[in-house]
Amino acid sequence: MKWNLRLAAANRGIWKASELKRMLAERGLVISAGKMSGLWSGQPNTVRLDELDVICAVLGCGVEDLLLPDADSVPAPTPASTERTLAVGQDHAVKPRARTGRSLPPR
């Protein structure tokens with residue numbers, strides 16, 4: 001996922017992180033300078049869902065405006081192997097035994 005706060009804010013006429021920080025504080029979300037820097041620069045360490053709610057309310061946008069899918073960062077699926085995996089040191093596949101009857105109670 002790509003974090004897109006700066007563009008979403010610019011689309012709403014907010015050009016400075018300090019302006020957005022003030023608007024968030026008016027809505028009850030007080031963010032430290034370090035966290036605001038991470039949010040604004042595009043590399044936040046964490047974004048809590050309640051913070052995301054306030055950011056979306058202040059900007060008048062949806063989550064889809066802030067989080068953009070990044071298909072390039074997701075590895076392609078690997079094809080399923082039809083070979084049976086052997087246990088370490090084994091030259092043949094392990095087969096489960098049929099379960100007959102009940103086990104004995106502990107002594």
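The values are calculated or read from the model by the stated rules, or taken from the named source; none is laboratory data. The model shown is predicted, which means the values in this text are computed figures rather than measured ones. Every residue, glycine as well, gets a Cβ built from its backbone with ideal geometry; the counts of neighbours run over all protein chains shown.
Couple of notes before you dig in:
- Of the residues making up the stretch 1-25, those that are basic (Lys, Arg) and over 15 Å from Gly62 (Cα atoms) are Lys16, Lys21, Arg22.
- If you go through the stretch 69-93 and keep only what is surrounded by 10 or more Cβ atoms within 10 Å (Cβ to Cβ) and either hydroxyl-bearing (Ser, Thr, Tyr) or at pLDDT below 75 (or both), you end up with Leu86, Ala93.
- When the stretch 8-24 is filtered for residues that are assigned to a helix (DSSP H, G or I) and either surrounded by 13 or more Cβ atoms within 10 Å (Cβ to Cβ) or touching a residue at least 40 places away in the same chain (Cβ under 8 Å) (or both), the ones remaining, listed by number, are Ala8, Ala9, Ala17, Leu20, Lys21, Met23, Leu24.
- As for the stretch 26-39, it holds at least one residue that is of a type in the set (D, E, K, R) and not in a loop (DSSP other than H, G, I, E, B).
- The set of residues in the stretch 34-51 that are under 13 Å from the mean Cα position of the chain (by Cα) and either under 16 Å from Ala10 (Cα atoms) or surrounded by 12 or more Cβ atoms within 10 Å (Cβ to Cβ) (or both) comprises Pro44, Val47.
- Residue check for Ile55: out of contact with any Gly (no Cβ under 6 Å at 6 or more places or on another chain) and assigned to a loop (DSSP other than H, G, I, E, B): no
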